[in-house]
Amino acid sequence: MTQLGPHLTSHSTSHFTPHFTLYSRSYCHLCEDMLAALRAFMARTGLPWRVDVVDVDADPQLTDIFDERVPVLFAGVAERDGAEESAGSAGKVGEAGEAGPAGQEICHYFLDEAALQRYLAQHHG
């Protein structure tokens, strides 16, 4: 699933593009709510950003890891059979195929804006 967030403008001097992985599942209202909250939060920051939405039910290993503990937001890119996704346009949402958790967990069930702000402050300044 590819979705768009804010785009990098030619006037931007920042090279930091936050990249998140949202572990989710179909027909999960909390998952949809977290993605919507992430979009709104990142729109307020004005930063370009990316998020991969990973369906945990598409991979038995992820189903075992997360079970009912979704949505879970990680800072970082889902691991994918040695493939690396390019940064490309800012604000894109990609699909990760078979994946495992990677990066730093920010929150689960609901978007923790304070935790997300701390992460951004540590990496963006």
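At 0.36 nm per residue, minus the direct Cα-Cα distance, what do ALA43 and ASP64 gain on full extension? Give it in nm, one decimal, please.
Difference between extended and current length: 4.3 nm.
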Q. Mean projection of the alpha-carbon convex hull of the stretch 16-78 over all orientations, in nm²?
A. 4.1 nm²
**Q.** Nonlocal amide H pairs with TRP49, under 5 Å, H built at 1.01 Å
**A.** GLY91, LYS92
**Q.** Listed peptides 17-23, 57-63 by packing density, highest first (mean Cβ within 10 Å)
**A.** 17-23, 57-63
Q: Would you kindly derive the ³J(HN,Hα) couplings of the stretch 37-48 from the backbone phi angles with the Karplus curve 6.51 cos²θ - 1.76 cosθ + 1.60 (θ = phi - 60°), listing them in order in whole Hz, with x for Gly and Pro?
A: 5, 5, 4, 5, 4, 5, 4, 5, 6, x, 7, x
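Computed from the coordinates by the stated procedures, all read-outs in this text should not be read as laboratory data. Predicted model, so just to flag it, every value in this text is computed and none were measured. We place every Cβ from the backbone using ideal geometry, glycine too, and count neighbours over all the protein chains shown.
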